[in-house]
1. Quick one: plug the Kirkwood hydrodynamic radius of the stretch 1-150 (C-alpha pairs) into Stokes-Einstein at 37 °C, 0.692 mPa s, and report D in µm²/s.
2. Given 0.36 nm per residue, what is the gain on full extension from residue 108 to residue 45 after removing their alpha carbon distance, in nm?
3. Taking 0.36 nm per residue of separation and subtracting the Cα-Cα distance, what length does fully extending residue 24 through residue 137 add?
4. Can you give me the solvent accessible area of residue 23 with a 1.4 Å probe, rounded to the nearest 10 Å²?
5. Just to verify a number: FRET efficiency for residue 128 and residue 172, C-beta to C-beta distance, R0 = 35 Å, to 0.05?
6. Work through the residues other than residue 124 whose Cβ is under 9 Å from its Cβ and net out their charges, Lys, Arg +1 and Asp, Glu -1.
7. Hey, what did the stretch 57-129 get for relative contact order, percent, Cα under 8 Å, at least 6 apart?
8. Can you give the local net charge around residue 33? Use residues other than it whose beta-carbon is closer than 11 angstrom to its beta-carbon, Lys and Arg +1, Asp and Glu -1.
Amino acid sequence: MINKFAPTWMVDVIYNVTPEQLKAQGIKAVLTDLDNTLIAWNNPEGTNELRQWLRDLEQAGIPLIVVSNNSEERISKAVAPLGAQYVSRALKPLTRGIKQAIRQLDLKPNEVVMVGDQLMTDIWAANNAGIRSILVKPLIETDQWNTRINRFIEKPVKRSMLKKFPNLKWMDKIND
């Protein structure tokens, strides 16, 4: 069961993942969680670093779709300034949102990666959908109330997962 929570890679922050690294892994599109992965949950405007990363992906021809459990209203407001596509009410860890995004992109599961800051939703959903995943550290230390519950449950799962997979280490980029 613990295998369901193991990411393909663990990277400090999403902005460190370059188009070149993605292409080297055969990845043609990025699916990403929203809160504390792409933007801080309490800073819907995002950062200059985020906007530059999105421009880099766009220039490399790598589309990005936000796949979030948040409502349509919350996501549309957050991603409007970024110009990103999204799937709301993704129901992660179920695969509905990820499969919808893959269909939108008209790609195969091995051509996309899911990036998220939570094992219990983002990484589990990616594994359930048969796609690769990148676990990132949350952008900020605080969470919305509902995410705090997930993090509490996630702590022992993360310890067990790291014990079972000692080669999984925090890195500053993805690699083989």
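1. 219
2. 19.5 nm
3. Fully extending the segment from residue 24 to residue 137 adds 38.4 nm.
4. Number for this one is 110 Å².
5. FRET efficiency, residue 128 to residue 172: 0.80.
6. +1
7. That works out to 27 percent.
8. Surrounding charge for residue 33 is -2.
The values are calculated or read from the model by the stated rules, or taken from the named source; none is laboratory data. Given the structure is predicted, the values throughout are model-derived calculations rather than measurements. As a convention, Cβ positions derive from the backbone with ideal geometry for all residues, glycine included, and neighbour counts pool all protein chains shown. Side chains included, ligands, DNA and RNA excluded: accessible areas come from the protein's heavy atoms. Shrake-Rupley method; radii C 1.70, N 1.55, O 1.52, S 1.80 Å.
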